[in-house]
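Beneath this line is the structure, given in structure tokens, with notes to follow.
The values are calculated or read from the model by the stated rules, or taken from the named source; none is laboratory data. None of the values given here were measured: they were computed from a predicted structure. Backbone-built Cβ (ideal geometry, glycine too); neighbour counts: all protein chains shown. The area values use the complete protein model at the heavy-atom level, side chains included, leaving out ligands, DNA and RNA. Shrake-Rupley method; radii C 1.70, N 1.55, O 1.52, S 1.80 Å.
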Amino acid sequence: MRIGYLHIGSPQHGINRYGRLLAAEARTRSSLNVIEAAVELTGEQSRDRTALNHAAQLLSSADVIHFQHNSSIWGKSRQQLHNLDAFFDRCSVPLVVTLHDIFYSPCSKTLAQRYFSNPSTVRFSEFARALLRDQLSPKILALHKVIARSQFAFVCTQEEARRLSDRVSTSNVQIIPHFVETRTIHFSREEARKSLNLDNFIVITVLGFIYSGKGHQLLIRALCDLPENVRVVFAGGVSSGHEAYYQELMTLAETEGVRDRIHVTGYLSESELEHYLLATDLAVCPFRQTSASGSLSTWISVARPILASNIPQVAEYNTLAPGAIKTFENYTSDGLKAAILEFLTADCKYENDKIAVLRDQLSMSSVFDQHLHSYDRLLKLDYVA
């Protein structure tokens, strides 16, 4: 089988990396031939169209093409529609897509159903905005275009499939969990902590791009009442467009008197990232909401103890490995603080055995096998057709 992978966007972007890791695993299979094309969009329509045309032509020598999509990596506003057309117009083989970051406002049909069930829950202005959004929003139109053009759409969680059902038919949607990387690390936890000058501290880390909704502010406020030897690491850079939010976080830290106990790393190379992963005592994922979480998968890869907000995606992990991820119910700084203090007073191991079980279940090899099964199924369906 020949599989084509399109890598769209900056190589530093998590979605781009997601596709590259799938392609790398595919290359380890002797029965597969892998073709890859990378396009980093410039915003110049003519140049981007040419690059996407060339990528589509190259990948069309495969039996199936796998690409990634969210509401921003294909371009801003209506430009994403032009870019998708440029790619699709030159693709001559079946397509499958992995959908990421599935956050869409309720559609007009859903609001109409709510209205007829309970009129007081829906305002006319809300319904009117939804109706216009359904017809005009580039993000919504792009989602429909991607679904219509793809034979299969993969999502990583049941919660994402549920959210998607509000917008599109899910007859061709398949749930394939987010893979967990296999890491070969050539230094010890003690070496990592010493190299980062963290060997005398309890290290609590929030991983990934900094943007609103990930709960950084809860941890800043909770830190005020945590022991003095606790240090907080924000391991990652500021997401584009969220610079003002980051400044608000740092102002909050100053106001609360804990700025000197917080370290913001900025973008990390793979080696730098692994030093912080091993140096961490407790991984905190206080998300208000999320789609599939690459940061959760990263923590699972090193079996760190994880404390997360009680959201559906975390419940799905705990269904696979009961009790693997600890959760806190009260989504406030006090709720988070109480859960952290409980962790600190318990006899907690550096590595979590239950998360190690989860890591094995979600290994890259196992998850890629699920992709491969879908590729095989698609080609058989296409052959019959």
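Close Lys pairs in the chain (alpha-carbon distance under 16 Å; sequence gap of 8 or more, or different chains): 6.
Computed over neighbours whose Cβ is under 14 Å from that of Leu32, the net charge equals -2, Lys and Arg +1, Asp and Glu -1.
Summary value for the chain: 14 percent relative contact order, contacts being C-alpha pairs under 8 angstrom separated by 6+ residues. Measuring nothing but protein heavy atoms, the accessible surface of the chain at 1.4 Å probe radius is 50 percent carbon and sulfur. When only Cα pairs below 8 angstrom with a gap of at least 6 residues are kept, region 254-368 shows a relative contact order of 25 percent.
Label separation (Tyr115 vs Asp225): 4.5 nm, computed from points 7 Å beyond Cα along the C-beta direction.
Taking 0.36 nm per residue of separation and subtracting the Cα-Cα distance, full extension of the segment from Leu320 to Leu21 would add 105.3 nm. For Leu136 and Gln12, the FRET efficiency from 1/(1 + (r/R0)^6), where r spans their Cβ atoms and R0 equals 45 Å, is about 0.90.
For Ser105 and Lys194 in one chain, what is 0.36 nm times their gap in residues minus the Cα-Cα distance, to one decimal in nm?
27.4 nm
Residues in the chain average 47 Å² of solvent-accessible surface per residue, probe 1.4 Å, ligands and nucleic acids excluded.
Scaling against 2.2 N^0.38 Å puts the C-alpha radius of gyration of region 1-64 at 1.16. Please identify, among Ser108, Ser301, Ser293, the residue showing maximal mean-square fluctuation in a Gaussian network model of the chain using a 10 angstrom Cα cutoff. With Cα springs under 10 Å in the chain, the top fluctuation among Ser108, Ser301, Ser293 is at Ser108. So if we plug the beta-carbon distance of Leu252 and Ile185 into 1/(1 + (r/R0)^6) with R0 = 41 Å, what FRET efficiency do we get, rounded to 0.05? In this case the efficiency is close to 0.75.
So what's the gap between the Cα centers of region 218-288 and region 117-177, to the nearest angstrom? Cα centres, region 218-288 to region 117-177: 33 Å.
Net length available on complete extension from Asp369 to Asp353 is 3.3 nm, with 0.36 nm assigned per residue and the Cα-Cα distance removed. Ordering Ile175, Ile185 by accessible surface, largest first, gives Ile175, Ile185; the 1.4 Å probe counts only protein heavy atoms, with every chain in place. Tell me whether region 30-108 comes out rounded, prolate or oblate; compute the Cα gyration tensor, take square roots of the eigenvalues as a ≥ b ≥ c, and use a/c under 1.5 as the rounded threshold. It is oblate, given that a/c is not under 1.5 and a/b is not larger than b/c.
Working from the Cα coordinates of the chain, the gyration tensor eigenvalues give, after taking √(5λ), semi-axes of 36, 27, 20 Å in decreasing order. Averaging 1/r over each pair of different alpha-carbon atoms in region 216-280 and inverting the result gives 12.6 Å, the Kirkwood hydrodynamic radius.
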